[in-house]
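Please treat every number below as a calculation from the coordinates, not as lab data. The shown structure was predicted, so the numbers you read here are calculated from the model rather than taken from an experiment. A quick note on method: Cβ atoms are made from the backbone with ideal geometry, for glycine too, and the neighbour counts reach across all protein chains shown.
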Amino acid sequence: MNGIASLLDKPATSRVETLWQELEARCGLVGVKTTPFPHLTWQVTENYVFPRLEAALHALASQATPFIIHTAGLGLFTGAHPILYITIVKDEQLMRFHSLLWEQMNGIAFHPVLYFSPGHWVPHITLAYNDITPANLDCVMQFMAFQSFDLNIQIDNLILVTQGGDQPPVTVRYPFGL
């Protein structure tokens, strides 16, 4: 899978990495290390037309100005493999940028995952992925439920994440305004 995301600013990255370490130490969760850097995902897809993608990402990022996102609590995507996340408040600026990115990727992204499309997207920062079980859910919630997740995070970049098999993800960064 491939995707477009934004790395979090330094204070938010530090906070999320600390939470990941605590979840590992307290509850044995390590699944989030599949993509081992705190981020906000804009789009995930099977593949891209890479020559067109790089030009489109460079153009989009160079025209963008940094903006602040706000978080507000925890969420849980339920199912066979629950995902615990920090919720991101959907405001006009965030949603406008997300829609613009999806418009720019039209014809460049092959089989994008519709959960990330503008009509379905739940913006979030993943805390636990692919290893929450009935046996450790109580540990996770006892630790996380009493934490504060009121963060202001500057978004000032796009990254292209390519990942396949057991290989670590590869990223290319596109700073805003350059």
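The table below lists the values:
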quantity	calculated
Calculated FRET value between Thr65 and Phe110, using beta carbons and R₀ = 35 Å, to 0.05	0.75
Sites Val49 and Thr87, calculated FRET efficiency, Cβ-Cβ separation with R0 35 Å, nearest 0.05	0.60
Among Thr13, Tyr174, Thr133 - extreme Cα towards positive end, dipole of the chain, charges at beta-carbon	Tyr174
Packing-based order for 156-163, 86-93, using average beta carbon neighbours within 10 Å, highest first	156-163, 86-93
(i) 72, 36, 27; (ii) 45, 34, 27; (iii) 40, 35, 33, with the label sought being that of the calculated Cα extents along the principal axes in Å	(ii)
Cα centroid separation - region 118-159 against region 14-82, whole Å	10
Region 49-119: C-alpha gyration tensor shape, a/c 1.5 cut-off, then a/b vs b/c	oblate
Computed lengthening from Asp150 to Asn136, 0.36 nm per intervening residue step minus Cα-Cα distance	2.5 nm
The chain: calculated mean residue ellipticity at 222 nm from DSSP helix runs of at least 4, using -39500 (n - 2.57)	-9500 deg cm²/dmol
